[in-house]
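Structure record follows, encoded as structure tokens.
Since every read-out is calculated from the coordinates, none of them should be taken as a lab result. Because the structure is predicted, anything quoted here is derived from the model rather than measured. Here the Cβ is made from the backbone with ideal geometry for all residues, glycine too, and neighbour counts use every protein chain on show.
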Amino acid sequence: MDVNSRIAQFEKMASDDPANDMAHFSLGSAYNQAGRFEEAAAAFLRCVSVNPAMSKAYQLAGAALMASMQTERAAEVLTEGFKMAAARGDLMPKNAMGEMLTKLGKPLPEVAGASAAAAMPTDGFMCRQSGKAGTKMARPPFRGPIGEWIAANISKETFDQWIGQGTKVVNELRLDMSRDEDGATYDKYMEEYLGIDPEMREQIVAEWKRGKERV
């Protein structure tokens, strides 16, 4: 599917369901791919207005603002995102935003040692995606490294929300889940929704393989 078709579909998803953070995130990614950086930044910022815990959207919004030469606004967004990522323990987005702030000549905000672990309730499970306490899954939703990571880091409530969003993806993109390429498309949007970017995916798979080798 060409990028303009993807933009049109995600624009429709975001318009039909303004509270759908994944639709705004995916729309921002499509705008980025098309080089429409101002629109990409706006879409990513709409994503974080719906779901402030989506650290990756802050990172991508800041990068898009930098690409469109809106450096002061980029610094504001990156500073806010850095604090959010630090509070949630999202190290990769935090480090990426820190590098961008340094390039802009801006100081890194003080976060007073904040971390997701410090915020975790003693009697609950903290969802990495939502930043909220939830129910730990009894078992991985599917086999393999990504399924195991989801069980260890994503609450049942958040994953159930993805199932609802995933149904919209299937319907809007007219995916045929019996086809491998459509299944891969579904997985891509699931991972985006849960905060798994390509770099993080590689790390999860590599760590999973190392664990299997040690057994």
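For the stretch 120-215, the list of trypsin sites (Lys or Arg not before Pro) that fall in a loop by DSSP and count at most 11 other C-beta atoms within 10 angstrom reads Arg143, Arg174, Arg179. Multiplying the residue separation of Ala184 and Ala19 by 0.36 nm and removing their Cα-Cα distance gives an extension gain of 56.9 nm.
Considering only C-alpha atoms, what is the centroid distance from the stretch 21-63 to the stretch 66-88, in Å? About 12 Å separates the Cα centre of the stretch 21-63 from the one of the stretch 66-88. Computed from the C-beta positions of Lys132 and Val111 and an R0 of 25 Å, the FRET efficiency is 0.85 to the nearest 0.05.
Per residue, the convex hull spanned by the Cα atoms of the chain measures out at 136 cubic angstrom. In this structure the amide hydrogen of Gly134, modeled in the peptide plane, comes within under 5 Å of the amide hydrogens of Phe125, Met126, Cys127, none closer than 5 places in sequence on its chain.
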